[in-house]
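J.: The structure's right below; bear with me while I get my questions together.
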Amino acid sequence: MIRALATFVFVALASLPARAIEIQQITSPGGIKAWLVEDHSIPFTALTLMFKGGASLDAPDKRGAINLMTALLEEGSGEMNSVQFAEAAEALATSASFNVSDDALVVSARALTENRDQAADLLRQALTQPRFDADAIERVRAQVQSSIRSEATDPESIATKALAAQAWGDHPYATSINGTAESVAALTRDDLIEAQKRILARDRVVVAAAGDIDAEALGLLIDKVLGGLPEAGSVPLPEPAKLGLTGGVTVIDWDSPQTVVTFAQPGLPMSDPDYFAAVVADHILGGGGFSSRLMDEIREKRGLTYGVGTGLANALYGETWQGGMASANEKVAEAVDLIRQEWARFAEGGVTDKELTDARTYLTGEYPLRFDGNSKIASILAGMQLVGLPADYVNTRNAKVEAVTAKDVQRVAQRLLHADQIRFVLVGRPQGISGDAAAAPSN
Amino acid sequence: MTIFTRAAPLAALLAAPLVTGPALAEMPKGISHFTLDNGLEAVVIEDHRAPVVVQMVWYKVGSADEQPGKSGIAHYLEHLMFKGTDKVAAGELSKTVTANGGMDNAFTSYDFTAYFQRIASDRLPLVMEMESDRMANLKIGEDDWQAERQVVLEERSQRTDSDPGAQFAEERSAVQFYNHPYGRPVIGWRAEMEGLTRDDANAWYDAHYAPNNAVLIIAGDVTPERAKELAQEYYGPVKPKAGAERGPRPQEPEQRSPRRMERSDPRVAEPVLIRTILVPERNPGDQKTAAALTVLAELLGGSAQTSVLARELMLTGKALFVDAGYDGLSVDPTTFTIALMPAPGLSNAEAEAALDAALEKFRQDGPDPAQLERVKTQVRAAEVYKKDSAHGRAYDYGQGLSIGLGIEDVNDWPEILAAVTPEDIRAAAELVLDSKADVTGWLLPAAAPAATPAVTPAGDAPAASTDPANPGESQ
């Protein structure tokens, strides 16, 4: 970057646009808490509900029950079968998606202002009166079984599963939320009702809304949607997971011209005093796309991959520092070696002032850009509540990034980044690199 | 025969005054449109809810404009556009955007190549300066072009050669189109990609990259007045090039022979049928057929519960999944797609017969009026919901204008969709179901599936920001 653009680079250091997001924290007449960002410019409301615990609340011998139950919430409830329910939603032009992950069952809904109450009735019905009709169970079960078979022939899924199995031992994180062909085949309607009791409860849920609705109307709406749920889930929330990862290489044979690589090492929780230093370090190391060291060394300078990246993977009950890439079988050994070298260089040498400044400017500048739509805002606000952040975090977060110094980055890098602690899982026919005996994939 | 995207002749462009389009009064709220003296057409989409702006530049050139033997050059050049100018070093554009809190990317498809940045609105001048700079002053360094050729080859390995479904799609397209370059993959055939050079890239850039062959979209927290002022300041001085506009392409002759293909691969878990049928695209002032095809696709496959194929095949236990798809944003005739995954226990032949029977029944019965009304309700509601994403609307206008539609065609599209009648849908169904210009492909598992570890994923993967509306190959 030279000459003509220098003035703009300087601008980058000046203050960022601070258009405050105003979050209202409300409590409904029925006692349910919610966060709201009002914006009446478009006549619809986005609502996000997150039920904490997600598929990790599966009973140990019923893996896949919460996932199957979640998929059936839109397949018939109350007096409506699956077709009637879908027709009713289409007629209102409302939509609700039901998804579950390791940590949360997430409902993302939106409704036009003109028929918001009717849309809320439908959502209440789906969450409180699912029918679990036999034909719907069998239809969706067959779809889940198909996904399980497809994942078994997808190299990225194979790599992710193998890494998780090594990382998380007995915790549900170690296995797929889909369950296995055997566990899903054995699930009964009673198992789905039990799964529903485990997670769809008022003590599990966080609520966020954005758009054309005020606090009073939102309070009434969430009482309508959630008031009929049981007070409490039937089982305790998941236990913290213990990370059992060891450094080394796992190779899984797969007939492909390219090797898929996924890797991880221990991370740190958001409550750690050095969390934001790690966020900055990760951006410089591998999280920052084309401005990261790994992308520069492995893609830009050598053309060894189409993409390489890292990230702090902070789940509710455990965390890693992980990454991934894909590279030609004959080149992947060189690419893996470069990751290890960059890891070591970072731990030993720290970062330059320019890298630090650029990273802080990106991380603080990018943050307000996330809030550009009702659906995005509702999703972010629910996510914040799920992980236990206060509402004023949106206004304090950037100061925490700004406060990170080069010394902080170096300290957290020396503490956490250990090339010999990285577990690489390679799926392909890599040349010049082989797996260690300790980590043969379990079956 | 539809070559309809020829831009206006250069002389006419040079004579065009720098004014907002004449149809200002008919513009949807928050949309404005103007054309610079050098021919650069621009659309501004206002949304002041967040301090964010998106700049996109769409060049009206894509892989279907390539010459035989040089497949992949449009996409390869897209990558090389990040290799710098006299003012900006290789890689610095993305790094500067990132250092200013923004993100950038690019993508190439058959009909267009587009570049975008998403950034705080007070940084708009910065990204406009850099984007306009590389419209005219690209310098591809000696050290950069060979490494980048490796990158696009790795991209091909990752996206296509590691994925039997993607490989099959590539071969199905080659069979679908006898003569039109839509039969070639956007990313290119590997052997031809390996032979691409810096000279090829420079020739491509010199021939096609010019303001009179581009569309600028500014969406988000900016006023039309400010956007026009900045566009004039940064893009105004860029010289137009005579002959930069898209030329005629080879066209499809009449197709008389339905084709069938089959491929088995051990990496395939489930059998899938994919049928594509050659159909018309959206044309300026003539979008009615495309609108009927769009609604037809929604009626046939738009819902897993209420669509025609879902009711006939999924709810009856004959298929695990069904789909119908059509996207009319294309320069030349494109494809309507119907897909199905048979339920376990049903042979592929039985599943295909059930599909054909369901389609024939629809052809006889026509659309269900209640279902059609619900689809139209959703079309109208989509006009409300889509205002929630300025970035998404930027794609609507960028893609529409870059395939040769006028801004009024893009503006009118929702109304044209809402006006589709049952008779229009019957006619569209005839077009699809009576056609001989179709390819039916079965992608099948091989006899012996590979053994894999039966274990699974943990905590959330690192958040990867992907663009929801990103078509084609990305950077």
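The values are calculated or read from the model by the stated rules, or taken from the named source; none is laboratory data. Note that this is a predicted model, so its numbers are computed, not measured. Cβ placement follows ideal geometry from the backbone for every residue including glycine, while neighbour counts extend to all protein chains displayed.
J.: Can you tell me how many residues in region B:300-327 are crowded, with 22+ Cβ neighbours inside 10 Å and under 18 Å from the mean Cα position of the chain (by Cα)?
T.: Residues in region B:300-327 being crowded, with 22+ Cβ neighbours inside 10 Å and under 18 Å from the mean Cα position of the chain (by Cα): 2 in total.
J.: Which condition breaks for A:S375 when tested against (1) within 23 Å of A:S271 (Cα to Cα); (2) in contact with a Gly (Cβ under 9 Å, 6 or more places away or on another chain); (3) modelled with pLDDT of 95 or more; (4) within 12 Å of chain B (Cβ to nearest Cβ)?
T.: (1)
J.: With the condition kept exactly as written, say whether any residue in region A:168-185 is within 12 Å of chain B (Cβ to nearest Cβ), at pLDDT below 95, closer than 23 Å to A:A104 by Cα and surrounded by fewer than 16 Cβ atoms within 10 Å (Cβ to Cβ).
T.: Yes.
J.: So, one more: I'm trying to understand the selection: among the residues of region A:197-227, which are in a loop (DSSP other than H, G, I, E, B) and either in contact with a Pro (Cβ under 8 Å, 6 or more places away or on another chain) or closer than 13 Å to A:T128 by Cβ (or both)? Spell out the reasoning first.
T.: Quick first cut of region A:197-227, residues in a loop (DSSP other than H, G, I, E, B) only: A:200-201, A:212-214, A:227.
The answer is A:L200, A:A201, A:D212, A:G227.
J.: Have a look at A:P430, A:P441 and point out the one that is within 14 Å of another protein chain (Cβ to nearest Cβ) and at pLDDT 95 or above. Walk me through how you get there before you give the answer.
T.: Working: A:P441 fails: at pLDDT 95 or above.
The match here is A:P430.
J.: For B:E415, indicate whether it is away from chain A (no Cβ under 14 Å) and either charged (D, E, K, R) or surrounded by fewer than 20 Cβ atoms within 10 Å (Cβ to Cβ) (or both). Even if it seems obvious, please write down each step before you answer.
T.: Working: away from chain A (no Cβ under 14 Å): yes; either charged (D, E, K, R) or surrounded by fewer than 20 Cβ atoms within 10 Å (Cβ to Cβ) (or both): yes.
So B:E415 passes the test.
J.: If only one of A:A335, A:A326 is at the interface with chain B (Cβ under 7 Å from one of its Cβ atoms) and touching a residue at least 40 places away in the same chain (Cβ under 8 Å), which one is it? Let's see the steps before the verdict.
T.: Working: A:A335 fails: at the interface with chain B (Cβ under 7 Å from one of its Cβ atoms).
On inspection, the qualifying residue turns out to be A:A326.
J.: For region B:328-366: of the residues being away from every other protein chain (no Cβ under 14 Å) and assigned to a loop (DSSP other than H, G, I, E, B), which is farthest from the chain's Cα centre (by Cα)?
T.: Result: B:S347.
J.: Among the numbered criteria (1) buried (at least 22 other Cβ atoms within 10 Å of the Cβ); (2) small (G, A, S); (3) under 20 Å from the mean Cα position of the chain (by Cα), which single criterion is violated by A:S379?
T.: (1)
J.: Follow-up. Restricted to region B:130-149, and to residues that are facing chain A (nearest Cβ under 10 Å) and crowded, with 20+ Cβ neighbours inside 10 Å, which residue is farthest from B:E229 (Cα to Cα)? Outline the logic, then answer.
T.: Here is the first cut: in region B:130-149, the ones facing chain A (nearest Cβ under 10 Å) are B:130, B:133, B:143-144, B:146-149.
This time we only want the ones that are crowded, with 20+ Cβ neighbours inside 10 Å, so: B:130, B:133, B:144, B:148-149.
On the way: B:M130: 16, B:D133: 17, B:D144: 35, B:E148: 36, B:R149: 38 Å.
Result: B:R149.
J.: Taking the condition among the small types (G, A, S), more than 14 Å from chain A (Cβ to nearest Cβ) and either touching a residue at least 40 places away in the same chain (Cβ under 8 Å) or surrounded by fewer than 24 Cβ atoms within 10 Å (Cβ to Cβ) (or both), does B:G183 pass?
T.: Details: among the small types (G, A, S): yes; more than 14 Å from chain A (Cβ to nearest Cβ): yes; either touching a residue at least 40 places away in the same chain (Cβ under 8 Å) or surrounded by fewer than 24 Cβ atoms within 10 Å (Cβ to Cβ) (or both): yes.
Yes; evaluated as a whole, the condition is true for this residue.
J.: Hey, another quick one. In region A:281-294, which residues are crowded, with 24+ Cβ neighbours inside 10 Å and either charged (D, E, K, R) or touching a Gly at 6+ places or on another chain (Cβ under 8 Å) (or both)?
T.: Those that are crowded, with 24+ Cβ neighbours inside 10 Å and either charged (D, E, K, R) or touching a Gly at 6+ places or on another chain (Cβ under 8 Å) (or both): A:D282, A:G286, A:G287, A:S292, A:L294.
J.: Kindly indicate whether any position in region A:68-83 is of a type outside the set (F, W, Y), in contact with a Pro (Cβ under 6 Å, 6 or more places away or on another chain) and within 15 Å of A:A120 (Cα to Cα).
T.: yes
J.: Which count do you get for residues in region A:387-419 that are touching a Lys or Arg at 6+ places or on another chain (Cβ under 8 Å) and in a helix (DSSP H, G or I)?
T.: Going through region A:387-419, the residues touching a Lys or Arg at 6+ places or on another chain (Cβ under 8 Å) turn out to be A:401-402, A:404, A:419.
Keeping just the survivors that are in a helix (DSSP H, G or I) gives A:401-402, A:419.
Residues in region A:387-419 being touching a Lys or Arg at 6+ places or on another chain (Cβ under 8 Å) and in a helix (DSSP H, G or I): 3 in total.
J.: Can I ask one more? So A:A126 fits all but one of (1) more than 30 Å from B:Q158 (Cα to Cα); (2) more than 10 Å from chain B (Cβ to nearest Cβ); (3) under 22 Å from the mean Cα position of the chain (by Cα); what number is the exception?
T.: Here A:A126 meets the rest and fails (3).
J.: Filter region B:99-129 for residues that are under 21 Å from the mean Cα position of the chain (by Cα) and β-branched (V, I, T); which is farthest from the other protein chains (Cβ to nearest Cβ)? Can you show your working first?
T.: Our first condition is that a residue be under 21 Å from the mean Cα position of the chain (by Cα); within region B:99-129, this holds for B:103-118.
If we keep only those that are β-branched (V, I, T) as well, we get B:108, B:113.
Working: B:T108: 14, B:T113: 18 Å.
Once the filter is applied, the top-ranked residue is B:T113.
J.: A further question follows. Can you find a residue in region B:150-166 that is of a type in the set (S, T, N, Q) and either more than 11 Å from chain A (Cβ to nearest Cβ) or surrounded by fewer than 18 Cβ atoms within 10 Å (Cβ to Cβ) (or both)? Spell out how you get there, then give the answer.
T.: The initial filter retains those residues of region B:150-166 that are of a type in the set (S, T, N, Q), namely B:150, B:157-158, B:160, B:162.
Among the residues that remain, those that are also either more than 11 Å from chain A (Cβ to nearest Cβ) or surrounded by fewer than 18 Cβ atoms within 10 Å (Cβ to Cβ) (or both) are: none.
Looking through region B:150-166, none of the residues is of a type in the set (S, T, N, Q) and either more than 11 Å from chain A (Cβ to nearest Cβ) or surrounded by fewer than 18 Cβ atoms within 10 Å (Cβ to Cβ) (or both).
J.: Could you tell me whether any residue of region A:7-30 is within 13 Å of another protein chain (Cβ to nearest Cβ) and at pLDDT 95 or above?
T.: Checking region A:7-30: not a single residue is within 13 Å of another protein chain (Cβ to nearest Cβ) and at pLDDT 95 or above.
J.: OK, next. Checking B:A427 against (1) surrounded by fewer than 17 Cβ atoms within 10 Å (Cβ to Cβ); (2) at pLDDT below 95, only one condition comes out false. Which one?
T.: (2) is the only condition that B:A427 fails.
J.: So which residues in region B:124-175 are of a type in the set (V, I, T) and without any contact (Cβ under 8 Å) to a residue 60 or more places away in the chain, if there are any at all?
T.: Our first condition is that a residue be of a type in the set (V, I, T); within region B:124-175, this holds for B:127, B:140, B:151-152, B:160, B:175.
B:T160, the sole residue that qualifies.
J.: Scan region B:389-400 and report the pairs whose first residue is within 20 Å of A:K376 (Cα to Cα) and whose second residue is small (G, A, S), with Cβ atoms within less than 6 Å and a gap of 6+ or a chain change.
T.: Final answer for the pair search is B:S389/A:G373; B:A390/B:A219; B:A390/B:G220; B:G392/B:A469; B:A394/B:A219; B:Y395/B:A469.
J.: Kindly list, by first and then second residue, each pair from a residue in region A:188-209 that is assigned by TED's automatic domain parsing to the domain that holds A:V37 and farther than 30 Å from A:T113 by Cα to a residue that is among the aliphatic types (A, V, I, L, M) and outside any helix (DSSP H, G or I), limited to pairs with Cβ atoms under 9 Å and residues at least 6 apart or on different chains.
T.: Cβ pairs passing all conditions: A:D191/A:A59; A:E194/A:A59; A:A195/A:A59; A:A195/A:L187; A:K197/A:V235; A:R198/A:A59; A:R198/A:V235.
J.: Are any residues in region A:152-167 within 7 Å of another protein chain (Cβ to nearest Cβ) and charged (D, E, K, R), and if so, which ones? So that I can check it myself, show each step before the final result.
T.: Residues of region A:152-167 within 7 Å of another protein chain (Cβ to nearest Cβ): A:152-153, A:155, A:158, A:160-162, A:164-165, A:167.
Once the filter is applied, which keeps residues that are within 7 Å of another protein chain (Cβ to nearest Cβ) and charged (D, E, K, R), region A:152-167 yields only A:K161.
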